[in-house]
Amino acid sequence: MQEVKYLIVGGGAAGTGAAETIRSQDKESTIAIISDEPHRFYSRILLSKPNFFLEKIPFAQVWLKTEEWYRQNNIVFWGGKKAVGLDPHAKTVSLDDGTAIRYGKLLLAIGGSARPWGIPGSQKQGIFYLRTLDDAKAIIHAVKGARRGVAIGGGFIGFEMCEMMCLAGMETTILIREPYFWANLLDETSGQMIEASLAKNGITISRNAQAREVLGNERVEELLLSDGKKISCDIAVVGIGLTCPFDWIGAAGVMVDRAIITNEYLETNVRDVWAAGDAAEFNDLVTGERIQLGNWVNAQMQGKAAARNMMGKKEAFRMVSFYTTQGFDLKIAFVGNVRPAPDHNVISRGSKEIASYARLISKNGKLIGATLINRTQELGAIAKLIERGVDVSGKPNQLSDPNSNLNALLS
């Protein structure tokens, strides 16, 4: 049985950031990364860029680490291997090929998996998800011969894939189950602004719509909706959320809920086991809530923080996370915790009439998050207000006035 002092399950931003951090401070201890993907560390951010799919960006730019980097840093990379079992008493992780690895410290940076589209015919050719590099390669190949495309789901992937299909000259439809775009996180005004920009660029929007079956022989030819309507398409890209593949982790006694539960040090309830990145549901010291975040910056910084704690630093993770995207003349940003909750107060700033709109989210008089459309220049000030815990309870007019300077609240 192989033994590794630092074993990392997951080769993405959190896992690779952790390995790099450990090696920068510990030149001797053994480090190994297990990845269910065969590929070395690459940029998932680039996978969201339409020009990458249209091959206007050199494919080689996707790689963030060379094979030589792993050798030079004496980091073992086991690619194409899936962790399927954990024994915290024996301190072993079992792989799908029957191998067992004994660890000293374990980091679970397993990320998320694309939520499957569980309707009849969804396994046909031409149906794609976008989570891995192999997913992206398949879409790049398919786009070249496609004339009609459908994006399934009103979120980041749906928005970005609509732009890619549009730029590829495809007749494009987006299918959303909700009454407006991104209804699970945004209000109707925000959703209408995004939809107006999509429609302006020729995207057909089907609201309150749900596919019932994928029609065609071996390949998708049409989508049959629940109301009987049919949409013709050559490809469909599904973006309906993520799931965390942690059944084997929960079976080992590690506490899980939406994701793997950790404290502010990214420790699980099991000794010598940490979690980081998309699969961690952690105590957020900034907002005072237990949250799960699925973005690159958060994953990378959590991986580094978890690594320092694995080495005995006892350092709480504290950061205001953010995510941005742009397309169709829109700049969109999420910062902090934007998930709706009964005890969250929302203040609107700007309007769709001026094509500049934000929602500032507060709890107990302090900002905890914000969504921004064409106001991303305020992201920095809002992040500082959140990070510093500034009391804004008596400033509703300043917060709602789109012409006020939010930096003034920092003083």
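The table below gives the values:
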quantity: Residue in the range 167-175 that is under 18 Å from L330 (Cβ atoms) and touching a residue at least 60 places away in the same chain (Cβ under 8 Å) present; calculated: yes
quantity: Test result for G121, assigned to a loop (DSSP other than H, G, I, E, B) and among the small types (G, A, S); calculated: yes
quantity: Hey, V392 β-branched (V, I, T), crowded, with 16+ Cβ neighbours inside 10 Å, in contact with a helix residue (DSSP H, G or I) (Cβ under 7 Å, 6 or more places away or on another chain) and over 30 Å from I8 (Cβ atoms) or not; calculated: yes
quantity: Index of the failed condition, D284 passing every other in (1) assigned by TED's automatic domain parsing to the domain that holds Y42; (2) surrounded by fewer than 21 Cβ atoms within 10 Å (Cβ to Cβ); (3) farther than 21 Å from D36 by Cβ; (4) not polar (S, T, N, Q); calculated: (2)
quantity: Residue match in the range 190-209 (condition: loosely packed, with under 15 Cβ neighbours inside 10 Å, part of a strand (DSSP E or B), touching a residue at least 24 places away in the same chain (Cβ under 8 Å) and not assigned by TED's automatic domain parsing to the domain that holds D329); calculated: yes
quantity: Index of the failed condition, F328 passing every other in (1) hydrophobic (A, V, I, L, M, F, W, C); (2) farther than 17 Å from L185 by Cβ; (3) exposed (fewer than 15 other Cβ atoms within 10 Å of the Cβ); calculated: (3)
quantity: Yes/no for A381 being surrounded by 13 or more Cβ atoms within 10 Å (Cβ to Cβ), out of contact with any strand residue (DSSP E or B) (no Cβ under 8 Å at 6 or more places or on another chain) and at pLDDT 95 or above; calculated: yes
quantity: Residue match in the range 31-41 (condition: surrounded by 14 or more Cβ atoms within 10 Å (Cβ to Cβ), part of a helix (DSSP H, G or I), of a type in the set (F, W, Y) and assigned by TED's automatic domain parsing to the domain that holds L293); calculated: no
quantity: Residue ID - nearest to R318 (Cα to Cα), chosen from residues in the range 242-267 that are part of a loop (DSSP other than H, G, I, E, B) and in contact with a Ser or Thr (Cβ under 7 Å, 6 or more places away or on another chain); calculated: T262
quantity: Qualifying residue in the range 227-234 (condition: outside the structural domain of D135 (by TED's automatic domain parsing), crowded, with 19+ Cβ neighbours inside 10 Å and not hydroxyl-bearing (S, T, Y)); calculated: no
quantity: Residue list for the range 56-82, filter: loosely packed, with under 15 Cβ neighbours inside 10 Å, without any contact (Cβ under 8 Å) to a residue 24 or more places away in the chain and not in a loop (DSSP other than H, G, I, E, B); calculated: F59, A60, Q61, E68, R71, Q72
quantity: Tally of residues being within 16 Å of E188 (Cα to Cα), basic (K, R) and either outside the structural domain of A381 (by TED's automatic domain parsing) or surrounded by fewer than 18 Cβ atoms within 10 Å (Cβ to Cβ) (or both) across the range 337-369; calculated: 2
quantity: Residue ID - nearest to F156 (Cα to Cα), chosen from residues in the range 32-91 that are under 21 Å from the mean Cα position of the chain (by Cα) and of a type in the set (K, R); calculated: K49
quantity: The range 128-147 residues that are assigned by TED's automatic domain parsing to the domain that holds M164 and touching a residue at least 40 places away in the same chain (Cβ under 8 Å), paired with ones that are in a helix (DSSP H, G or I) and of a type in the set (V, I, T) (beta carbon under 6 Å, 6 or more apart); calculated: F128/I139; L130/I157
quantity: Every residue from the range 83-115 that is touching a Pro at 6+ places or on another chain (Cβ under 9 Å) and outside any strand (DSSP E or B); calculated: I110, G111, G112
quantity: Candidate set from the range 309-325 (those that are within 20 Å of Y357 (Cα to Cα) and of a type in the set (F, W, Y)); member that is surrounded by the most Cβ atoms within 10 Å (Cβ to Cβ); calculated: F322
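The values are calculated or read from the model by the stated rules, or taken from the named source; none is laboratory data. Nothing here was measured: the structure is a model prediction, and the numbers come from that model. Here the Cβ is made from the backbone with ideal geometry for all residues, glycine too, and neighbour counts use every protein chain on show.
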